[in-house]
Amino acid sequence: MKTIYLDNNATTRTAPEVVEAMLPYFSDLYGNPSSMHYFGGQVEKSVRLAREKVASLIGAEPGEIVFTSCGTESDITAIFGTLESYPEKRHMVTTRVEHPAVNHVAQVLTKRGYRVTQVPVDRSGGLDLKQLDTAITPDTAVVSVMWANNETGVVFPIEEIAGIVKEKGSVFHTDAVQAAGKIPLDMSRQNHIDMLSISGHKLHAPKGIGVLYVRKGTRLAPYIIGGHQERGRRGGTENVPYIIGLGRASELALGRLDDENTRVSALRDKLEKGILDPIPNTLLNGQGQPRLPNTLNVSFEYIEGESILLMLSKLGICASSGSACTSGSLEPSHVLRAMGVPFTAAHGSIRFSLSYYNEEEEIDFVLAQLPDIVRKLRAISPFCRPVSERLPERLPELAESREPVEPVEGGRRVERF
């Protein structure tokens with residue numbers, strides 16, 4: 001059975017070119033880049049070249065690149081490092097739809113006595129910039145807003161947001177884990193951004209490597225101390241093979257940006273239209289907002305996303321649920337709840353995220369299978385049965401009094417819950 005991988009916002013395949021670039025640094029070139037001898041020196045040169053490649057991907061200077069272990073560490077370093085640098089300030093601003101890497105930090109800060117303001121989003125996932133502006137006060141040390149949402153792909157107007165933050169005198173950080181390698185990022189032009197997080201395994205580098213971009217002149221205390229590496233901003237011996245891999249992946253991503261925004265985007269659009277047009281009671285999450293070219297989040301009303309995923313998986317199709325299924329929770333995702341997606345739809349949300357490696361025939365196969373999967377699940381869903389069938393026989397009168405009811409597939413009537 002062929003695997004059709006459409007879960008690239010979770011992680012990506014490590015590119016063959018990246019693996020090839022890394023291999024010598026697991027065997028022959030194992031020197032420590034901090035060593036004074038020639039053997040370490042040649043490795044140091046390779047790390048320096050990788051740093052330049054990563055910097056080129058985001059239009060930064062090589063000295064502004066700090067290698068970390070992952071995107072989460074980059075986010076944590078940006079937030080805690082800023083708060084430590086401005087001890088007189090006790091407030092942070094973020095949004096209600098951030099990745100847990102930022103959301104959980106916000107929860108910890110609240111327990112430690114900091115104030116945290118989470119700005120809401122609207123039904124389409126857009127951010128209210130007036131509320132963001134109002135939330136920032138002289139006590140605000142750092143504002144952290146993701147560049148693009150990992151579930152819906154909604155892209156926030158980061159340049160405008162960063163301008164608002166800088167005008168108020170706070171430090172601005174953006175989690176660009178989903179944006180890097182998919183849309184153009186240019187720190188030489190978007191000069192109000194102080195810090196930016198990247199994760200290697202989201203752009204075809206291996207897991208275990210990340211980057212925190214820190215604009216020159218930004219005050220930032222190191223989160224991991226104990227060594228002089230990364231200009232004193234992150235202690236610990238460099239993970240050389242993975243740094244080399246991320247450098248190569250950044251080089252590939254920069255060269256594939258056009259493909260990402262044309263061919264991959266067209267495949268995503270074909271998948272979107274092929275789902276929404278023939279399958280009734282489906283909702284596009286993030287509709288009307290700028291979105292990443294590879295991401296599609298759709299809600300299928302009255303059925304569980306987990307059931308759809310299992311049936312897709314049996315066919316070799318890998319996607320992910322918009323709900324918190326992986327944690328075993330029955331609650332839908334915090335992103336969809338923040339957007340006000342109806343309960344009947346939020347539980348049936350599926351995220352498809354494409355990559356450079358996807359082909360049109362794979363999209364055709366998904367579109368050939370999905371309508372039948374949805375039809376079968378709705379046929380056995382209690383929420384798609386007529387109200388009179390779902391209520392106990394001893395309460396038939398309630399069936400008559402319930403409201404509202406909506407027509408669905410086949411003209412049957414169902415009740416929202």
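The values are calculated or read from the model by the stated rules, or taken from the named source; none is laboratory data. This structure is a prediction, so every number in the text was calculated from the model and none was measured. Here the Cβ positions follow ideal geometry from the backbone for every residue, glycine too, while neighbour counts run over all protein chains shown. Heavy atoms of the whole protein, side chains included, go into the accessibility calculation; ligands, DNA and RNA do not. Shrake-Rupley method; radii C 1.70, N 1.55, O 1.52, S 1.80 Å.
Let me spell it out: the conditions are (1) open to solvent by 10 Å² or more (accessible area, probe 1.4 Å); (2) among the β-branched types (Val, Ile, Thr); (3) touching a residue at least 12 places away in the same chain (Cβ under 8 Å), and Val214 meets all of them except one. Which number is the exception?
Unmet condition: (1).
With the requirement that a residue be open to solvent by less than 70 Å² (accessible area, probe 1.4 Å) and touching an Asp or Glu at 6+ places or on another chain (Cβ under 9 Å), what does segment 242-264 give you?
Gly247, Arg248, Ala249, Leu252, Ala253
Looking at Gly31, is it touching a Ser or Thr at 6+ places or on another chain (Cβ under 8 Å) and either of a type in the set (Ser, Thr, Tyr) or farther than 25 Å from Glu362 by Cα (or both)?
no
For Ile193, all conditions in the list (1) under 28 Å from Pro241 (Cβ atoms); (2) assigned to a loop (DSSP other than H, G, I, E, B); (3) in contact with a Ser or Thr (Cβ under 9 Å, 6 or more places away or on another chain) hold save one; what is the number of the exception?
Ile193 satisfies all of (1) under 28 Å from Pro241 (Cβ atoms); (2) assigned to a loop (DSSP other than H, G, I, E, B); (3) in contact with a Ser or Thr (Cβ under 9 Å, 6 or more places away or on another chain) except (1).
Could you please find all residues in segment 153-188 being assigned to a loop (DSSP other than H, G, I, E, B) and either in contact with an Asp or Glu (Cβ under 6 Å, 6 or more places away or on another chain) or at pLDDT below 95 (or both)?
If the condition is that a residue be assigned to a loop (DSSP other than H, G, I, E, B) and either in contact with an Asp or Glu (Cβ under 6 Å, 6 or more places away or on another chain) or at pLDDT below 95 (or both), then Lys182 is the only one that fits.
If you check Glu361 against the conditions, is it modelled with pLDDT of 95 or more, open to solvent by 10 Å² or more (accessible area, probe 1.4 Å) and either farther than 30 Å from Asp259 by Cα or under 29 Å from the mean Cα position of the chain (by Cα) (or both)?
yes
Do we have Val214 as of a type in the set (A, V, I, L, M), under 25 Å from Thr262 (Cβ atoms) and in contact with a strand residue (DSSP E or B) (Cβ under 6 Å, 6 or more places away or on another chain) here?
Criteria not met by Val214.
Give all pairs with beta carbons closer than 6 Å in which a residue from segment 148-166 that is free of Cβ contacts under 8 Å to residues at least 60 places away in the same chain meets a residue that is assigned to a helix (DSSP H, G or I); count only pairs at least 6 apart in sequence or on separate chains.
Ile164/Asp133
Read through the list (1) over 25 Å from Gly169 (Cα atoms); (2) in a loop (DSSP other than H, G, I, E, B); (3) in contact with a strand residue (DSSP E or B) (Cβ under 8 Å, 6 or more places away or on another chain), then give the number of the only condition that Thr237 fails.
Thr237 satisfies all of (1) over 25 Å from Gly169 (Cα atoms); (2) in a loop (DSSP other than H, G, I, E, B); (3) in contact with a strand residue (DSSP E or B) (Cβ under 8 Å, 6 or more places away or on another chain) except (3).
Counting just the residues of segment 364-396 that are modelled with pLDDT of 75 or more and of a type in the set (Val, Ile, Thr), which one comes out surrounded by the most Cβ atoms within 10 Å (Cβ to Cβ)?
By that ranking, first place goes to Val374.
Sort out for me the helices (runs of 4 or more DSSP H) sitting completely within segment 1-110 that have 1 or more residues that are among the aromatic types (Phe, Trp, Tyr) and open to solvent by 60 Å² or more (accessible area, probe 1.4 Å).
Because the criterion is at least 1 residues that are among the aromatic types (Phe, Trp, Tyr) and open to solvent by 60 Å² or more (accessible area, probe 1.4 Å), the helices (runs of 4 or more DSSP H) in segment 1-110 that meet it are 38-58.
Yes/no matrix, rows are residues, columns are (1) in contact with a strand residue (DSSP E or B) (Cβ under 8 Å, 6 or more places away or on another chain); (2) open to solvent by less than 60 Å² (accessible area, probe 1.4 Å); (3) closer than 20 Å to Thr14 by Cβ; (4) among the polar types (S, T, N, Q):
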residue	(1), (2), (3), (4)
Ile164	no, yes, no, no
Lys168	yes, no, no, no
Leu196	yes, yes, no, no
Gly227	no, yes, no, no
